[in-house]
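To keep things clear, I will list the structure first and then write my remarks on it.
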Amino acid sequence: MAEAAVLQGQFFITGDEACAEGAISAGCRFFAGYPITPATEIAERMARRLPLIGGVYVQMEDEIASMNAILGAAWAGAKSMTATSGPGFSLMMENIGLGVMLETPCVVVDVQRAGPSTGLPTLVGQGDMMQAKWGSHGVYEIIAISPSSPQEMFDLTITAFNLSEKYRVPVLVMADETVGHMSEKVVIRPVKKEELVERRRPTAPPGKYLPYQPDADLVPPMAIAGEGYRFHVTGLTHDERGYPVMTAEAHQKLVRRLADKIRVNRKDIIRYEEVGIEDADVIVCAYGITARVARRAVQQAREEGIRAGMLRLITIWPFAEGRVRELARQAKAFVVPEINYGQIVLEVERCAGGKKTVLVPHMGGGMHLPQTILETIREAAK
Amino acid sequence: MTEAGREPRNPVDAYLRVDRMPSIWCAGCGIGTSVGCFIRAIERAKLDADKIALVSGIGCSGRVAGYVRLDSFHTTHGRAIPFATGLALANPELKVVVFSGDGDLAAIGGNHLIHAARRNIDMTVICVNNFNYGMTGGQLGPTTPLDARTSTSPYGNYEPPFNLPRLVAAAGATFVARWTVFHLRQLERCLAEALVRPGFNFVEVIAHCPTVYGRLNKQGQGVDGLRYFKEKSVVKNGADPAEADIVLDGPVMLGKFVDIQRPSFCGNYQQVCGKAQKSK
């Protein structure tokens, strides 16, 4: 019953709908959310689909509650997700931090609109990229990925679940309004069981199990509620037993591991796509919907004889630092278009080894024109 | 009486993380007493402790999660109830308990409290009400009586408090009761009753806070707090919770105020799922 209800075939659907289907294909059976443009369609799709396949849809009283509900559901053993946009993403921040501290697998989708504040609720933005990395207080690392198409809303939502289960961390799908609302062909392929990652379960019996004793990859196996482990987890700094320890030493050990489990595994986590990069000396670095505009600009630049290429970031956090550093050796300049006033460009610049790094900003409410990016490529190529 | 060579063991120890004792609670605090009642209620109700998930927020009462030998979650300030909602809905087999304080549940978490009651989520919320934020040094909270002194109402409180039983009853809770930490047997029985009921159960436990609230309001030591509860309590089962307002140094109305049945979220949801699957 449950498996038959996973769709298969080709569909002409929006990115938001594809995201919901990706979640279902990944095994997500718990969605808690709160309506917000332009992410509402994800909740609507889940509200229609989950009751048919034995899942739970619950509309919470706000995004704070939604975030906590998916954490609770994850600890009850479910794969869980919420979806929101800027204002709701801001409300979720504290408890994304709780998810990081408790090491809770779950997926948070942010279909970005133009901010700050209520901003342009129905129009595109990419202004939450730094918030995705730094938005919750304290020291931590997070995983964030950015889809560029409805097809990727499907595929990368599955990736997000896999990464969250593997690394026991909330994974952020940093979509944008255009990708969320555009309709395109989406192929919903049969997702094999082997493609899906499930959280590692304890092998030690109750009484011997230490909830925060990591394996070699720095990720501890995870017990779930009701299995007799009688574990304790806390947002306070804790030791391997999960018990609070209020010392700098315990904090050092825990927080370093929480960050390092992402840092040392970055090769496994980081995904990107390259277009015409081999001989490129002007490299456009873009993500989300902006990468699709940039692709056109790069093509036009090539037609003019400029050796332009594109690095499309799929994983945003952790940042593809190593690859940008490599490319910096061959590049004359980096061009970074984004629908904000300069966020990911700071990361590119940091890794550009002093090479010229040019932001092509857009305050939101619309996308770049290929022409605007092309002009910057031309300037950078001089 | 202790056998030679054998540590005296309290029967509730099996449910406690005794390796974490002593607790952070002050001498004379009422929270530990409420935990004892809760644990004896688990036994009384013959619950499978492996199936209990206990969730706390932040504050003195928020530390309960850390001392019980159960699957237990010490979450963020005010968010125990939505976290518990996720647990309860994702696995209806779990017996979900929220154990936290008045500030956590009724101020920062007040919105979640009323919505969980409205949805009639299967859970038992145990709210220790000590009339102030003890952990941070005795500030005024949503239950601080008018005129009471706290560190942020040094001349007397000028905002009226919530009557919690009335609030949650109005929001739709199907079981609403209030006892004090003096009323051990009543509280234990009440919790045992709540723990086996479906739907949203709310038990307010009135506790004294001799270290801050009690000191600021000249209520004496822990034992004086208990004496106050003994002398000033009025047990009135079935009373309209609207009559259960608490005023400074006034009587405290106790008892089971609400005990009704209505469909729970899970029950309703399963029905809707069944219908949706048939009509597909």
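Tabulated data
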| read-out | value |
| --- | --- |
| Selected from B:Met123, B:Met253, B:Met21 as most flexible by GNM, with chain B as the system and alpha-carbon contacts under 10 Å | B:Met21 |
| DSSP-defined antiparallel bridges as percent of all bridges, chain A, nearest 5 | 30 |
| Loop sites in segment A:244-290: GluC sites (Glu not before Pro), DSSP, at most 11 other Cβ within 10 Å | A:Glu278 |
| Inter-site label distance for B:Arg185 and A:Glu249 at 7 Å from Cα along Cβ, in nm | 5.0 |
| Approximate spin-label separation B:Arg118-A:Lys193, in nm, with each point projected 7 Å along Cα-to-Cβ | 4.2 |
| ³J(HN,Hα), Karplus 6.51/-1.76/1.60, whole Hz, each residue of segment A:99-115, x for Gly, Pro | x, 5, 5, 7, 6, 10, x, 5, 10, 10, 9, 10, 8, 6, 10, 7, x |
| Prolate/oblate/rounded label for segment B:1-94 (Cα gyration tensor, a/c 1.5) | oblate |
| Tensor-based shape of chain B (alpha-carbon gyration tensor, a/c under 1.5 rounded, otherwise prolate or oblate) | oblate |
| Using a Förster distance of 51 Å, the FRET efficiency for A:Ile53-B:Val235 (Cβ separation, nearest 0.05) | 0.55 |
| GNM flexibility winner over chain B from B:Asp19, B:Asp48, B:Asp259 (Cα, springs under 10 Å) | B:Asp19 |
| Potential extension, A:Thr118-A:Val6 segment - 0.36 nm per residue separation minus Cα distance | 36.8 nm |
| Cα lying deepest toward the dipole's positive end in the protein assembly as shown, options A:Leu172, A:Tyr34, A:Pro244, charges on Cβ | A:Pro244 |
| Expected 222 nm ellipticity per residue - DSSP helices of 4 or more, -39500 (n - 2.57), all of chain B, to 500 | -9500 deg cm²/dmol |
| Under 5 Å, built H, 5+ apart or other chain: amide partners of B:Leu254 | B:Val234, B:Val235, B:Lys236 |
| Trypsin sites (Lys or Arg not before Pro) restricted to DSSP loop in segment A:149-231 with at most 14 other C-beta within 10 Å | A:Lys192, A:Lys208 |
| Mean ellipticity per residue at 222 nm, deg cm²/dmol - from DSSP H runs of n ≥ 4 across chain A, formula -39500 (n - 2.57) | -11500 deg cm²/dmol |
| DSSP bridge orientation in the protein assembly as shown - percent antiparallel, rounded to nearest 5 | 25 |
| Those lysines that a straight Cα-Cα span of less than 23 Å connects to B:Lys95, excepting residues fewer than 8 apart in one chain | A:Lys79, B:Lys46, B:Lys51, B:Lys256 |
| 3J(HN,Hα) from dihedral phi, segment B:82-90, Karplus parametrisation 6.51/-1.76/1.60, rounded to Hz, x for glycine, proline | x, 4, 5, 4, x, 4, 5, 7, 6 |
| At R0 = 35 Å, FRET efficiency that the Cβ-Cβ distance of B:Arg9 and A:Ala204 yields, to 0.05 | 0.85 |
| For A:Ile13, residues with placed amide H under 5 Å, excluding near neighbours | A:Glu184, A:Val186 |
| Vicinal HN-Hα couplings computed from phi for segment A:361-378 (Karplus, 6.51 cos²θ - 1.76 cosθ + 1.60; Hz; Gly/Pro x) | x, 8, 6, x, x, x, 9, 5, 8, x, 4, 5, 5, 4, 4, 5, 4, 4 |
| Highest to lowest packing among A:334-342, B:186-194, A:6-14, scored as the average C-beta count within 10 Å | A:334-342, B:186-194, A:6-14 |
| For chain A: relative contact order, % (alpha-carbon pairs under 8 angstrom, 6 or more apart) | 16 |
| Separation of alpha-carbon centers, segment A:27-52 and segment A:241-283, rounded to whole Å | 30 |
| Label point distance in nm, B:Lys278-A:Glu303, each placed 7 Å from Cα along Cα→Cβ | 6.1 |
| Whole-Å semi-axes of chain A's equivalent ellipsoid (Cα gyration tensor) | 35, 25, 18 |
| Inter-centroid distance (Cα atoms) of segment B:39-78 relative to segment A:315-382, Å | 50 |
| Amide H contacts under 5 Å for B:Gln139, placed H, 5+ residues apart | B:Tyr133, B:Ser151 |
| Sparsely packed GluC sites (Glu not before Pro) within segment A:1-101, loop by DSSP, other Cβ within 10 Å at most 15 | A:Glu3 |
| Sequence-separation-based contact order of chain B, relative, with Cα cut under 8 Å and 6+ spacing, percent | 18 |
| Relative contact order for segment B:184-280, counting Cα pairs under 8 Å that sit 6 or more residues apart, in percent | 21 |
| GNM result for chain A, Cα springs below 10 Å: residue of A:Ser25, A:Ser149, A:Ser117 fluctuating most strongly | A:Ser117 |
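Where a number appears in this text, it was derived from the coordinates with a stated rule and is not lab data. Keep in mind it's a predicted model, so treat the numbers as computed, not measured. All Cβ positions, even for glycine, are placed from backbone atoms using ideal geometry, and neighbour counts span all protein chains on display.
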